[in-house]
Every structure is written in structure tokens, then in C-alpha cells.
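Each remark here refers to the structure printed beneath this line.
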Amino acid sequence: MKGISARLAEINRRLASNFGVPEPGPHELPPVWNLVLTILSQNTTDTSRDRAFAALRKKYPTFPRLAAADAEELAETIRPAGLARAKSASILAALSRLKQERGGYTLDFLKSMPLPEARAYITSFGGVGVKTANILLLFSFGFPAFPVDTHVFRVAKRLELVPPSASPEKTAFLLEPHIPEGAHVCMHLNIIQLGRGICRPRNPLCLSCPLLKVCPTGAKLVSERSLS
Ligand code: SF4
């Protein structure tokens, strides 16, 4: 079997020729708003997160107003996202820390840091894990970070790109340096599209999959189905 870099390059080529090269789109928020969105996104659906974020921005349209919010009122505003008290506290603590440490509500200083250092800084905020930190670093700053969500994790396991015991975080760290240069957004979005429509959690549609030729699980499943 080819090395991991060559396999990822081929997977990227196959996905891009099947789905195209997607644009980053809705993630292009100013970085600190993206950090707030990231905190809201823990343990909830995208729809609930987006409802809470829209309500928050309506009530607190600027960072100084959000930073001065009453914690209980903020929790009430973001209730649709769940864990509202904890998320309210995390948002207020993040803004207060930025103001104290950096003199304002900015994350622009991350641009000059190496990726591991920038990621360590972002994950040091309460309520921000490796996946959501990678989303922020990739989409707000263009770092070559690789967010591994539930779809990317499942597809990576089925393609046997990582050991069976690898966690989502480990999967991100193992794959990230081997993604072709400039292809982190494209691969992240295209693998999600594959996972939603073709490499579904149950009954993956291997015969319609552009990765069948490079997928050990697909080869096994197709052979089992042809024998049954
Ligand atoms: S061949 Fe099947 S198991 Fe492999 S990535 Fe495609 S849909 Fe998933």
C-alpha cells in the first residue's frame, strides 16, 4: 500500500474530481466571533448553535456590549445551544482574558504563531476542544489545521488511514501534516460531503463511492454483499 501522503493526495484528487473544490463560505466570521461560535457549538446541533448565535449577536452586537453582559441574561439568550450557564461563563471569561492579556478583543496575534502554539492558545480557553480550535484556525486564519468531526473520523477509519484505536484528536494529528499543501479546506469539506451522502454511518453506498478503489473497507463490504 502507498504511504499516507500519497494516499491522501489520491483521495483528495478523487473527491475534488467528484464533488469539485468547495469554497470556505459561512465560516468567514471575524476570528473573535468565530471563537464565540466555537464555544456555543459544544455538544449541540449546528441548528441550535446558529439560533443561539443569532440571538446573541442581536442582543449584543459589539464585543464591549457582550463583554459587559450579565452572565444570567447571556445564558438566557443562548439557551437554545444548551449548557447555557457554562457557555455564558466561558464566553465572558474568554473576552475578559483577551482584553486583559491583549488589550482588546482580537486574535490577530495568532497569525504570527506556529500552528501548534496557536492551537495550544485556543484550546486553553474553556469550552474549546481540538476539533473546534482546528475549525477556527483553518477557516479564520488559513492555518493548515485539519478538523476531524464525526464524518471525517468515520471515513478515515474506513479508509484505514489511522489505527483502529485512534481517537478523533489523534486522527487529526496523524493526518494533518500529510494533507496535500493548500488542500485542508477542500479535503475537510469534501470528506464531510462524502460522509453525509455516501459513506453514511449505516449502509455506506460503496458502489457509488469515488473512493472505492482506494478503500479497504469498501472492498470488503462489496465482496461480502456479492457473496450474500
Ligand atoms: S468505499 Fe464505502 S466504506 Fe469506503 S469510503 Fe466509500 S462509502 Fe465509505
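Can you pull out the chymotrypsin sites (Phe, Trp or Tyr not before Pro) in the range 128-179 that DSSP calls coil and that have at most 11 other Cβ atoms within 10 Å?
Numbers: sites: 139, 141, 153, 173; in loops: none.
Filter output for the range 128-179: empty list.
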Taking GluC sites (Glu not before Pro) as candidate sites, keep only those in a DSSP loop with at most 11 other Cβ atoms within 10 Å, then name the longest stretch of the chain containing none of them. 29-180
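Can you give the FRET efficiency to the nearest 0.05 for residue 178 and residue 54, using r as the Cβ-Cβ distance and R₀ = 45 Å? Please report the intermediate quantities before stating the final value.
Details: r = 37 Å, r/R0 = 0.83.
About 0.75, to the nearest 0.05.
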Zone reached by a paramagnetic label modelled 7 Å from residue 106 Cα along Cα→Cβ, restricted to the range 135-175 with backbone N below 19 Å, covers 137, 140-143
Measure up 111/170; 111/157; 2/111; 2/157; 131/220 against 27 Å on the Cα-Cα distance and list the ones that go over. 111/157; 2/111; 131/220
Shape call, the range 66-182: gyration tensor on alpha carbons, a/c limit 1.5: oblate
In nm, spacing of pseudo-spin labels at residue 45 and residue 213 (7 Å Cα→C-beta vector): 3.8 nm
Residue separation between residue 85 and residue 223 times 0.36 nm, minus their alpha-carbon distance, gives in nm 44.6 nm
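Ranked highest first by the average count of other Cβ atoms within 10 Å around their residues, in what order do 142-151, 91-100 fall? Please report the intermediate quantities before stating the final value.
On the way: 142-151: 20.0, 91-100: 17.0.
Order by mean packing, descending: 142-151, 91-100.
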Determine the calculated [θ] at 222 nm for the chain from helices alone, applying -39500 (n - 2.57) to every DSSP H run no shorter than 4 residues and normalising by the residue count; nearest 500 deg cm²/dmol. -18000 deg cm²/dmol
When the chain is treated as a Gaussian network with springs between alpha carbons less than 10 Å apart, the largest mean-square fluctuation among 79, 202, 14 is found at 202
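Any read-out appearing in this document is the output of simple, stated calculations on the displayed coordinates, not a laboratory observation. All figures in this text were calculated on a predicted structure; none of them were measured in a lab. Counting neighbours? That spans all protein chains shown, and the Cβs are built from the backbone with ideal geometry, glycine included.
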